[in-house]
Amino acid sequence: MLLSPTDWLRKLNLVSRQRRLEWFPPFRALGIKVLELEGGGRVTRILLPLSERTRNPGGSMFGGAMASVADAVQALPCARVFPEFTVWTRSLHLDFLREGRTNLELRFEMESGQEAGIAQELADSHKSDPLFRYGFYLEDGTLCARAESRVAIRKIDSP
C-alpha cells in the first residue's frame, strides 16, 4: 500500500508532532504555527496568522480558517488518549465576539477531571460525547472567539 506523505512522516518519526501538525495539509494551507503541544495534545496552543490566505474581504480573520483549526484540536488528543476508539467532531460552535484583526492564538486544554469522566463513560458504555470549551485570542490577549465542540468517541465498529 502506498503511504501518503503525512502517513510516511508519522511512521518514520523523523519530524516532531508539532511539525507534523503544522504540515497537516488543511493546516499547512493556513500557515499555522504550533506554539505548545503537551501531554499528547491535552494542552495545545496554535498561532493562526492573519495573512492573505486567512483574511476575509473586510480585512479580519476568515471564520472558516478559525473553524478549520478549531475542528481538529479537541479530537486529536482524544484519539491519542483513547486509541482503541474512533473519534470525530460531532458539533462545533464558534461565537465570534470581536473582529480578528491580528494573528490569533487558539488555546485548548483537556482537564484531567474531564479525561477521567470520559474514560469512565467509555468503560461503562463504550461511547462518550464530551463537550470542550476553548478560544481564539487576539495578540493583546483579548478573547476574540469562543469555541464549543462536542466530540463523538466510539468503540471501533460501533454506531
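Since every read-out is calculated from the coordinates, none of them should be taken as a lab result. As the structure is a prediction and not an experimental result, all values here were calculated from the model. Glycine gets a Cβ as well: all are built from the backbone with ideal geometry, and neighbour counts include every protein chain shown.
How much net charge surrounds Glu111 when only other residues with a Cβ under 14 Å from its Cβ are counted (Lys, Arg +1; Asp, Glu -1)? Walk me through the numbers before you get to the answer.
On the way: positive: Arg42, Arg107, Arg133; negative: Glu38, Glu109, Glu115.
Counting the neighbours of Glu111, the net charge comes to 0.
Mind putting a number on the dipole of the chain about its Cα centre? Charges go on the C-beta only, +1 for Lys and Arg and -1 for Asp and Glu, and I need it in Debye to the nearest 20. Write down the numbers at each step before the final one.
On the way: 22 positive and 20 negative charges, 93 e Å.
Using only the charged Cβ atoms, the result is roughly 440 debye.
Please turn the phi angles of segment 27-40 into ³J(HN,Hα) values with the Karplus equation 6.51 cos²θ - 1.76 cosθ + 1.60 (θ = phi - 60°), one per residue in order, whole Hz, x for glycine and proline.
7, 4, 4, 8, x, 5, 10, 7, 8, 7, 8, 10, x, x
Label Lys127 and Val15 with points 7 Å out from Cα along Cα→Cβ: what is the distance between them in nm?
Distance between label points: 3.5 nm.
Give me the tail of P(r) for the chain as a percent: Cα-Cα pairs with distance above 24 Å.
Roughly 37 percent, rounded to a whole number.
Can you work out the Karplus-derived ³J(HN,Hα) for every residue in segment 66-72? Use 6.51 cos²θ - 1.76 cosθ + 1.60 with θ = phi - 60°, whole Hz, and x for glycine or proline.
5, 5, 4, 6, 5, 5, 9
With springs connecting C-alpha atoms under 10 Å apart, model the chain as a Gaussian network and identify which of Val15, Val43, Val34 has the largest mean-square fluctuation.
Per the Cα network of the chain with a 10 Å cutoff, Val15 tops the list.
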